[in-house]
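Each remark here refers to the structure printed beneath this line.
The values are calculated or read from the model by the stated rules, or taken from the named source; none is laboratory data. Computed from a predicted structure; not experimentally measured. Cβ coordinates were reconstructed from backbone atoms using ideal geometry, including for glycine residues, and neighbour counts include every protein chain displayed.
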Amino acid sequence: MSFFSDERSSELRELFFESATELLQSLNENGLELEKRPGDEEIIRQVRRTVHTLKGDSAACGYQELSDLAHQLEDLLTPEIASSSNGTLADVVLIAADTFSSMLSAYRGNLQPPSGEELRLQILALTSKPSKATPYKLQARFAWNEYEQMVIQDAAGKGETVYNIAFGIDQNCPMRGAAMQLIRNVLQDCGRLLAIEPDHITLAANLDVVEAAIATGYDAQWIRKKCKIPAVISEVLVERLAGPAESSDDVLDIVQHVTAELHTENEPAIRAEEVITVTPETSSNGHSSQAAAAPSAESAGSSFSNVPETVLRVDADRIDAVLNLVGELIIGKSMLHQSINEFDKRFPKDALKGRFADAMAFQARIINDLQKSVMKIRMVPVEQLFRRFPRVVRDVAKSCNKEVALVMNGQDTDLDKSILDMLAEPLAHLVRNAVDHGIESPAERISAGKPAQGTVKLDSYHHGNQIVVEVSDDGRGIDKNKLINKAIECNVITAADVPNMSENQVLELVFHPGLSTAAQVTNISGRGVGMDVVRTVLNRLKGTISIKTAMGKGATFYLKVPLTLAIIKALLFRVTDRIYAVPLASVMEITRATEHQVHVVDHQDIVQMRDEVLTLIHLNRLINQHTKAKRFFVVVIQLADRKYGLVVDQLIGEEELVIKALDDHLVSTDLVSGASILGDGTVVLILNIPNVIGRFGRTLKMVGATA
Amino acid sequence: MSKDLQIVGFRIGRETFGVRISHVHEIVRVPDITAVPESPEYVEGVINLRGKIISVVDLRKRFGEKTITRTKKNRILVVEVETKMVGLIVDSASEVLKIPESAIDLPPNVFEDGELNYVTGVGKMGDRLVILVDLTRILQKGELRRLEDFNESQAPGPTAQQAGLSGISV
């Protein structure tokens, strides 16, 4: 039965998926914490809160399978199971995170969710363990309430012998309610029943321990014998009470209150069980049970309370729509600017001029602020990307028997959400690589004089108008000779090329598709596709990637990406009668040159600038023109470790451009990364520098070679 | 009484073509066109249509017209193909024709297969014939690709040469 209309419930489900992803993330994080500190109760409580919220939310959305599994897992999350499990609980939590995640994606795609059988088995393995281990250590707290204590005291005062009796109910006993009734009957046979906990049959459904106090004339031996009901009671504890019960400190009262409160909740059976499971702890350590009981009450009260209200969840599309409008506004601004300039020229003495200029400046400032604010909305801290890596590192390290610590810095660096999302895959690949290929095995490390535990570092920081994300490891580094040999083997380069290659060019080979230095292809890495993907994504983001490595000391990958994709600062120039733009970030400097300064080396036009040699790229090739001007400008661009000069006829200036995609199949070309509209309505193409250089730098060579 | 179809008539060369008015977004004069490198020959480039960048195809080249004259009468028909707007340059376009359904014949069999399957019918307006076309079909991805292949195999022009060059450089 659904209480909501279809639309409402699908919205609800969207929300659920959103929050569930976050819950799973924190489950992953907590699982890792738990692995480090297996007995930490605070973490266990956190996990339980998370699982509980997931259970409730998924049940509300009608995802029964998920809810059931979460419920089973919740039962497991107690300090004593954690301590008795020797750390396997952390594994179960992590497996659970994976299982839930695959179930969620199945739900999202409206598919039948996986059964989660593995998780179920793991949970069963853990839950059955304590039942085997604890029957001989049946512990009871005998926390009688005031009235019960009074009755007990009263009886003791009358000289009656009072016994506290605890029954451990057999794990295999199917009908707990009936067992309860049997216990009552037996107790009444033994003497006068003063108190019993739980005191109602309906609360006994999942009960393991029943406690009672009786006043009797029989001795403990006789009672014990009498109370052993085969196949129902596995264990009996009889304790003679000489006087008033001692177990009445405040802590226990609190537990009792919680118990009482929870009985009024909608899930009495589960709650009762929860409190019972903390019971054994109580007698040994009263304070911890207080702490344990409090959050369970809190989490039962409001599972949504930990979501701060100041955070709004907004569909990314809506923000994009606003951003688009801001983009239009910027175009409008430059249109206005142009008209006013014209007005200035036509009526240089008009008094209106000043007022126009004022209004213009005011509007420009507001639009600028508006743009910044909207961009800020799209910005998210890199932490969102980084937080998944502790789990990745752990899993990979475990599967290849290495000890790896992950150190993360600069998590609060902000980055455009869409860039962040696109970076996820390449970064995951680099991190996996660092652990799998970079870090050596502990034995290898020790013999190399390094600590057995390797370190993988993630860092991110601003660098000008760009963000740098660094992935580094202190492993064996990239073996250049191995790389060269492999490249020759795969016919990527020839042996003759090797002496002419710079160190960076050698390292660039890493990105060549199909090239892997891994001796073995594993499910983690080694097929040689990954690095190609990394570079492709970086190119698409108009970013760059560079490597630094030292043999035996490790390797560092630097991923440089623009702050945002939507608006860039660009340099505009004219080639013949057309205007093009390049991202300003890629421009090193601009210089003039004349025909005489151009030399031809290896069929390639070059020009010397100070003590460097620039390869010239004639941009008029873009429109199949081959004329050469006598005097021209050279826009100096750095790509990897080489500098190139773009030959342009006239410089126009720098401007903020709103990038519009040019993904139309009619005009798809990888030479152009987008288009933009200038103030006068002209469409300007933004060149994709790496591809332009790749195409014209190289074709030139080829034409020369074949001629 | 049969229903009239509203048709936007346009001219390419000496023929009058027509498209359903619902398929046409608007008709604009030909503005400055920014050429995009490496695009097929019949793609003129991109234009700024009130802040939107749309690509423009010269329908005359697409229809294989030999002589293309640029006049002030030239217009761009803006149509929507696969949710994207595309501009089509035609010699002239001005009239909205009302053709009764009864006056529309199915296209001759000759059009049905091969290159001309975008012809949906032939309308008679007095002694004039109006060739009704489905513009979306002209510009579909597969159709365009076929055209490119056709160009390359028929005439080893600059496109083929370029492909050959990039083949060497790989």
- Message: I'm told A:GLU18 meets every condition in (1) within 20 Å of the chain's Cα centre (by Cα); (2) at pLDDT 80 or above except one. Can you identify the failing condition by its number?
- Response: (2)
- Query: Within the set of pairs 6+ apart or on separate chains, which have a first residue in segment A:437-457 that is among the charged types (D, E, K, R), a second that is outside any loop (DSSP other than H, G, I, E, B) and surrounded by 20 or more Cβ atoms within 10 Å (Cβ to Cβ), and C-beta atoms under 6 Å apart?
  - Reply: A:LYS457/A:SER472
- Task: Among the numbered conditions (1) within 14 Å of chain A (Cβ to nearest Cβ); (2) modelled with pLDDT under 85; (3) touching a strand residue (DSSP E or B) at 6+ places or on another chain (Cβ under 9 Å), tell me where B:GLU44 comes up short.
- Result: (2)
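Does A:SER502 count as modelled with pLDDT of 80 or more and exposed (fewer than 15 other Cβ atoms within 10 Å of the Cβ)?
Numbers: modelled with pLDDT of 80 or more: no; exposed (fewer than 15 other Cβ atoms within 10 Å of the Cβ): yes.
The answer is no for A:SER502.
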- Item | Residue in segment A:51-74 that is outside the structural domain of A:VAL392 (by TED's automatic domain parsing), farther than 30 Å from A:SER10 by Cβ and touching a helix residue (DSSP H, G or I) at 6+ places or on another chain (Cβ under 7 Å) present | no
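State the number of residues belonging to segment B:47-65 that are facing another protein chain (nearest Cβ under 7 Å) and in a strand (DSSP E or B).
Taking segment B:47-65 first, the residues facing another protein chain (nearest Cβ under 7 Å) are B:47-48, B:51, B:53, B:55, B:57.
Filter once more, so that each one left must be in a strand (DSSP E or B): B:47-48, B:53, B:55, B:57.
So the answer is 5.
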- Task: Read through the list (1) out of contact with any helix residue (DSSP H, G or I) (no Cβ under 8 Å at 6 or more places or on another chain); (2) part of a strand (DSSP E or B), then give the number of the only condition that B:ARG70 fails.
- Result: (2)
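Tell me the residue from A:LEU646, A:LEU671, A:LEU651, A:LEU678 that is in contact with a Pro (Cβ under 6 Å, 6 or more places away or on another chain) and either more than 10 Å from every other protein chain (Cβ to nearest Cβ) or modelled with pLDDT under 85 (or both), please. Walk me through it before giving the result.
Numbers: A:LEU646 fails: in contact with a Pro (Cβ under 6 Å, 6 or more places away or on another chain); A:LEU651 fails: in contact with a Pro (Cβ under 6 Å, 6 or more places away or on another chain); A:LEU678 fails: in contact with a Pro (Cβ under 6 Å, 6 or more places away or on another chain).
Selected residue: A:LEU671, the only one of A:LEU646, A:LEU671, A:LEU651, A:LEU678 that is in contact with a Pro (Cβ under 6 Å, 6 or more places away or on another chain) and either more than 10 Å from every other protein chain (Cβ to nearest Cβ) or modelled with pLDDT under 85 (or both).
Among the residues of segment A:606-629, is any in contact with a Pro (Cβ under 6 Å, 6 or more places away or on another chain), within 14 Å of chain B (Cβ to nearest Cβ), in contact (Cβ under 8 Å) with a residue 24 or more places away in the chain and not acidic (Asp, Glu)?
We begin by selecting, within segment A:606-629, every residue in contact with a Pro (Cβ under 6 Å, 6 or more places away or on another chain); these are A:622.
Pick out the ones that are also within 14 Å of chain B (Cβ to nearest Cβ) and you get A:622.
Add one more test, that the residue is in contact (Cβ under 8 Å) with a residue 24 or more places away in the chain, and what stays is A:622.
Within this subset, residues satisfying the condition of being not acidic (Asp, Glu) are A:622.
There is at least one residue in segment A:606-629 that is in contact with a Pro (Cβ under 6 Å, 6 or more places away or on another chain), within 14 Å of chain B (Cβ to nearest Cβ), in contact (Cβ under 8 Å) with a residue 24 or more places away in the chain and not acidic (Asp, Glu).
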- Query: Which of the following residues is in contact (Cβ under 8 Å) with a residue 12 or more places away in the chain and surrounded by 13 or more Cβ atoms within 10 Å (Cβ to Cβ): B:GLU41, B:GLU101, B:GLU82?
  - Reply: B:GLU41
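Considering A:ALA397, A:ALA359, A:ALA405, which residue is in contact with a Ser or Thr (Cβ under 7 Å, 6 or more places away or on another chain) and hydrophobic (A, V, I, L, M, F, W, C)?
Working: A:ALA397 fails: in contact with a Ser or Thr (Cβ under 7 Å, 6 or more places away or on another chain); A:ALA359 fails: in contact with a Ser or Thr (Cβ under 7 Å, 6 or more places away or on another chain).
Just one listed residue meets the conditions, A:ALA405.
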- Looking only at segment B:14-30, decide whether some residue is in contact with a Gly (Cβ under 8 Å, 6 or more places away or on another chain), more than 9 Å from chain A (Cβ to nearest Cβ), outside any loop (DSSP other than H, G, I, E, B) and of a type in the set (A, V, I, L, M). yes
- Can you confirm whether segment A:655-668 contains a residue that is within 29 Å of B:ARG50 (Cβ to Cβ), away from every other protein chain (no Cβ under 11 Å) and surrounded by fewer than 18 Cβ atoms within 10 Å (Cβ to Cβ)? yes
- Which members of segment A:681-692 meet the condition of being facing chain B (nearest Cβ under 8 Å), in contact (Cβ under 8 Å) with a residue 12 or more places away in the chain and either polar (S, T, N, Q) or closer than 18 Å to A:LEU619 by Cβ (or both)? A:THR682, A:VAL684, A:LEU685
- State which residue pairs qualify: first residue under 14 Å from A:ASP473 (Cβ atoms) and inside segment A:394-415, second residue surrounded by fewer than 16 Cβ atoms within 10 Å (Cβ to Cβ) and at pLDDT below 85 in any location, beta carbons under 9 Å apart, and separation of 6 or more residues or different chains. A:CYS400/A:THR522
- Query: Which of (1) within 14 Å of chain B (Cβ to nearest Cβ); (2) in contact with a helix residue (DSSP H, G or I) (Cβ under 7 Å, 6 or more places away or on another chain) is the odd one out, the single condition A:SER586 does not satisfy?
  - Reply: (1)
- Task: Give segment A:555-585 a look and list any residue that's in contact (Cβ under 8 Å) with a residue 40 or more places away in the chain, over 31 Å from the mean Cα position of the chain (by Cα) and not in a strand (DSSP E or B), or say none.
- Result: A:THR576, A:LEU584
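Here is a yes/no grid of residues against (1) surrounded by fewer than 16 Cβ atoms within 10 Å (Cβ to Cβ); (2) within 24 Å of the chain's Cα centre (by Cα); (3) within 14 Å of chain B (Cβ to nearest Cβ):
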position: A:GLU328; (1), (2), (3): yes, no, yes
position: A:LYS333; (1), (2), (3): no, no, yes
position: A:LEU352; (1), (2), (3): yes, no, no
position: A:ARG365; (1), (2), (3): yes, no, no
position: A:LYS376; (1), (2), (3): yes, yes, no
position: A:ARG387; (1), (2), (3): no, yes, no
position: A:VAL393; (1), (2), (3): no, yes, no
- Task: Confirm whether A:LEU241 is crowded, with 19+ Cβ neighbours inside 10 Å, over 50 Å from the mean Cα position of the chain (by Cα) and at pLDDT 75 or above.
- Result: no
- Message: Quick test for you: out of A:LEU584, A:LEU538, pick the one residue that is assigned by TED's automatic domain parsing to the domain that holds A:LEU687 and in contact with a strand residue (DSSP E or B) (Cβ under 7 Å, 6 or more places away or on another chain).
- Response: A:LEU584
- Item | Which numbered condition A:PHE347 fails, given (1) modelled with pLDDT under 85; (2) more than 17 Å from A:GLY679 (Cβ to Cβ) | (1)
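Condition test on B:ILE68, is it within 30 Å of A:HIS618 (Cβ to Cβ) and more than 13 Å from chain A (Cβ to nearest Cβ)? Break it down into steps so the answer makes sense when it comes.
Details: within 30 Å of A:HIS618 (Cβ to Cβ): yes; more than 13 Å from chain A (Cβ to nearest Cβ): yes.
Considered against the rule, which asks whether it is within 30 Å of A:HIS618 (Cβ to Cβ) and more than 13 Å from chain A (Cβ to nearest Cβ), B:ILE68 comes out as yes.
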